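The values are calculated or read from the model by the stated rules, or taken from the named source; none is laboratory data. Note that this is a predicted model, so its numbers are computed, not measured. Reconstructed Cβ throughout: ideal geometry from the backbone, glycine too, with neighbour counts over all protein chains shown. Protein only, heavy atoms only, side chains kept; ligands, DNA and RNA dropped before computing areas. Shrake-Rupley method; radii C 1.70, N 1.55, O 1.52, S 1.80 Å.
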Amino acid sequence: MDYCKFGSGDKTFVILPGLSIQSVISAKDAVEDGYSIMKDDFMTYLFDRRRTIPENYSVYDMADDTAAVMKELGLKDTYVFGASQGGMIAMVLAIRYPELVARLVLGSTSSHVMPSQKKVIDSWIDLAKKRDKAGLYLEFGKEIYPPEVFDKYKDYFTEIAASVTDEELDKFIVCARAAEDFNVTRELKKISCPVLALGVYEDAVLDSDATMEIAENLDHRDDFALYMYKGYGHAAFDTAPDYRKRIYEFFVK
């Protein structure tokens, strides 16, 4: 499993990214710059999925593998942010490995992936199967970003699609399928650390109801907080200007 780290703080911040067509590690410089607010207080680890994955790989498997790597690195009591599918992994981590997670932020994610929440992901899988690299990148960007952001970068999406390999498409398909039948809603009560859920009303991928379902199961707790964005799309974690500040303030308060 590839990972990178940056920062110099005494606390440990772990980023678990969402589903991606290509490795997030290639964008590590942009991630480091985006999370510069963390650098003095946190040593930040950005984790990818494991390099080689079996055909029937699940979110639960992803969480177990991530936990194994965290333990190998000697990480514990970490401050975890999981985005989209990374949020699913983060919930399983907090449920199964409470010693690894001190605080948890969940962004644009779901504790229960229902058929209605799989339509967009299934369309991505179909494009990947057809080896339509440009179509996949364009549809991916169109669904996760608001129109003005997508229009600004759609030429870039078309350009970068040319670098996608068949192996990356195969891995994408397996990772995209990994959320099938994912459901930890009844286990959310096992999460013992403070939780912040950040959702988006116009989430075209998992729907805002997914965040609300998490909130409904945790909002009786004094250490749970919810904030809903409007107008930033599924990937508000990339587009909302105050997103990283909200994460930081939740972690240091």
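Segment 6-68 and segment 189-236 have Cα centres separated by 20 Å.
Here the accessible area is traced with a 1.4 Å probe on the protein chains. For segment 1-107, carbon and sulfur cover 44 percent of it. Among the listed options (1) 203; (2) 113; (3) 137, the one matching volume of the Cα convex hull per residue in Å³ as calculated from these coordinates is (2). Where a Cα-Cα gap under 15 Å defines reach, which aspartates and glutamates qualify for LYS152, not counting those fewer than 8 residues away within the same chain? The reachable aspartates and glutamates, counting only those whose Cα sits under 15 Å from LYS152, are GLU139, GLU143, ASP238. When both bridge partners sit in the chain, DSSP labels roughly 20% of those beta bridges antiparallel.
Among the GluC sites (Glu not before Pro) within segment 32-122, those in coil by DSSP and having at most 11 neighbouring Cβ atoms inside 10 Å are GLU55. Test of understanding: in a Gaussian network model of the chain with alpha carbons linked when under 10 Å, which of GLY86, GLY18, GLY141 would top the mean-square fluctuation ranking? Highest fluctuation of the listed residues: GLY141.
A DSSP coil position with no more than 14 other Cβ atoms inside 10 Å describes the following trypsin sites (Lys or Arg not before Pro) in segment 167-244: ARG221, LYS230.
Calculated mean residue ellipticity, 222 nm, the chain: -13000 deg cm²/dmol, from DSSP H runs (n ≥ 4) at -39500 (n - 2.57) each, averaged per residue and rounded to 500. The separation of segment 117-186 from segment 71-94, counted between C-alpha centres, amounts to 23 Å.
Computed on the chain, with alpha-carbon pairs under 8 angstrom and 6+ residues apart, the relative contact order is 21 percent. Shown for segment 191-253: the carbon plus sulfur share of the solvent-accessible area, taken with all protein chains present and a 1.4 angstrom probe, equals 46%. In the context of the full set of protein chains, the chain has a per residue accessible area of 46 Å² (1.4 Å probe).
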